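What follows is a set of notes on a single structure, which appears directly below.
Coordinate-derived values only; no laboratory data. Bear in mind that the values here come from a model prediction, so they are computed numbers and not experimental data. When we count neighbours, we look across all protein chains shown, and the Cβ atoms used for this are built from the backbone with ideal geometry, even at glycine.
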Number of protein chains: 2
Amino acid sequence: MNPDNSKSQMRKGMLEYCIMLLLRRQPCYANDIIQKLREAEMIVVEGTLYPLLSRLKRDGLLGYEWRESTQGPPRKYYVLTPEGQDALQQLDAGWEEIQRTVAILKVKN
Amino acid sequence: MNPDNSKSQMRKGMLEYCIMLLLRRQPCYANDIIQKLREAEMIVVEGTLYPLLSRLKRDGLLGYEWRESTQGPPRKYYVLTPEGQDALQQLDAGWEEIQRTVAILKVKN
DNA sequence: TTTAGTACCTTGCGATACAAGGTATCTTAT
DNA sequence: ATAAGATACCTTGTATCGCAAGGTACTAAA
């Protein structure tokens with residue numbers, strides 16, 4: 001097992017949460033998301049992001065609108081739907097829970 | 001998308017870390033692990049745990065020894081190998097990193 | 001000797017992350 | 001005009017994970 005794989009595994013499922021956290025503030029298109037996550041030290045690539053955005057859209061958690069760009073083709077700006085905001089609150093709670101769990105395991109036993 | 005699925009997804013990759021945190025303190029066999037994780041509010045089932053333990057063993061991060069039980073068949077007690085302790089330190093670092101990432105995304109943007 | 005409990009493991013399925021490759025649009029330089 | 005490069009979107013195939021369900025083996029009690 002290489003460390004990269006462990007790290008990769010630990011990241012699984014966190015991406016969805018991180019992306020929705022980003023969109024909580026403002027609409028973003030794919031490259032926005034990739035860059036902002038990179039600034040927060042979370043690497044994500046196109047092949048991961050696009051299917052994920054499509055899935056969240058399909059599940060009604062995200063919507064999008066096309067916006068013209070001054071420097072290339074139009075962009076899909078994704079936004080949180082009301083349903084997505086509810087889901088994000090649940091993810092917040094799940095995140096707190098996991099933090100508690102790890103904290104317990106680090107101290108107890 | 002149901003909330004259970006989100007939560008389930010967020011847990012992915014955390015299991016490995018949590019199990020190694022448990023074994024940092026003392027050898028455990030499967031049912032020990034299941035129960036102690038449950039006490040820390042992390043649910044894991046046999047069908048998940050056994051393949052995971054086998055994989056960590058195969059990768060050299062865990063070893064095990066058979067111990068007799070007074071109340072049934074013998075048990076496989078798993079322990080962290082030195083290599084596993086190194087890997088656990090890397091997972092600790094990865095965990096810190098992810099916490100930082102989420103903290104940044106919660107505040108910024 | 002049968003039954004219940006404990007402990008270990010495997011198989012098949014759905015979902016995810018990622019590498020690699022593909023299509024369409026827009027701008028710029030020739 | 002047009003060719004080349006940049007930007008932006010998306011799909012396919014592979015590996016891995018978590019989990020439900022089912023299976024095997026050992027022990028103790030009825």
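So, how do all the Cα-to-Cα distances of the protein assembly as shown break down into 10 Å bins, in percent, from 0 on up?
Bins of 10 Å from zero give 7, 31, 30, 19, 9, 3, 1, 0 percent of pairs.
Taking the rotation axis that maps chain A onto chain B, which residue of A brings its Cβ closest to that axis, and at what distance in whole Å?
For chain A, the closest residue to the axis carrying it onto B is A:Lys12, 2.
Mind checking which of B:Pro82, B:Pro73, B:Pro51 has the largest fluctuation in a GNM of chain B, springs on alpha carbons under 10 Å?
Largest GNM mean-square fluctuation: B:Pro73.
Inter-copy label distances at B:Lys108, 7 Å along the Cα→beta-carbon direction, one decimal in nm, shortest first?
Relative to the other copies, B:Lys108 has label-point distances of 3.5 nm.
Only four residue types carry charge here, +1 at the Cβ of Lys and Arg and -1 at the Cβ of Asp and Glu. Report the dipole size of segment A:1-83 about the Cα centre in Debye, rounded to the nearest 20.
Using only the charged Cβ atoms, the result is roughly 60 debye.
Taking the Cα atoms only, what angle lies between the long axis of helix B:82-107 and the longest principal axis of chain B, rounded to 10 degrees?
Roughly 20 degrees, rounded to the nearest 10.
Among A:Ile98, A:Ile43, A:Ile34, which one shows the highest mean-square fluctuation when chain A is modelled as a Gaussian network with alpha-carbon springs under 10 Å?
A:Ile98
Simple spin-label model, 7 Å along Cα-to-Cβ: A:Thr70 to A:Asn5 in nm?
4.8 nm
Taking the Cα atoms only, what angle lies between the long axis of helix A:30-39 and the longest principal axis of chain A, rounded to 10 degrees?
Result, in degrees: 40.
How about segment A:24-103: which GluC sites (Glu not before Pro) there lie in a loop by DSSP and see at most 12 other Cβ atoms within 10 Å?
When the GluC sites (Glu not before Pro) of segment A:24-103 are filtered for loop state and at most 12 Cβ neighbours within 10 Å, A:Glu41 remain.
Taking only the alpha carbons of segment B:9-107, what extent do you get along each of the three principal axes, in Å, biggest first?
54, 27, 21
For label points placed 7 Å from Cα toward Cβ, what is the shortest-first list of nm distances from B:Arg55 to its copies?
Distances between equivalent label points, in nm: 1.6.
Build a GNM of chain B with springs between Cα atoms under 10 Å: which of B:Gly94, B:Gly47, B:Gly63 gets the top mean-square fluctuation?
Judging by the Gaussian network model, the answer is B:Gly47.
Using the 7 Å Cα-to-Cβ label point, sort the distances from B:Gln71 to its equivalents in the other copies shortest first and give them in nm to one decimal.
Once sorted, the set of distances for B:Gln71 reads 6.6 nm.
With n ≥ 4 as the cut-off for DSSP H runs, can you work out [θ] at 222 nm for chain A, using -39500 (n - 2.57) per run divided by the number of residues, rounded to the nearest 500?
That calculation yields -20500 deg cm²/dmol at 222 nm.
Using alpha carbons only, how many angstrom separate the centre of segment A:1-55 from the centre of segment B:27-64?
28 Å
Which loop-located trypsin sites (Lys or Arg not before Pro) does segment B:44-109 contain, where loop means any DSSP state but H, G, I, E or B and the Cβ has at most 13 other Cβ atoms within 10 Å?
B:Lys108
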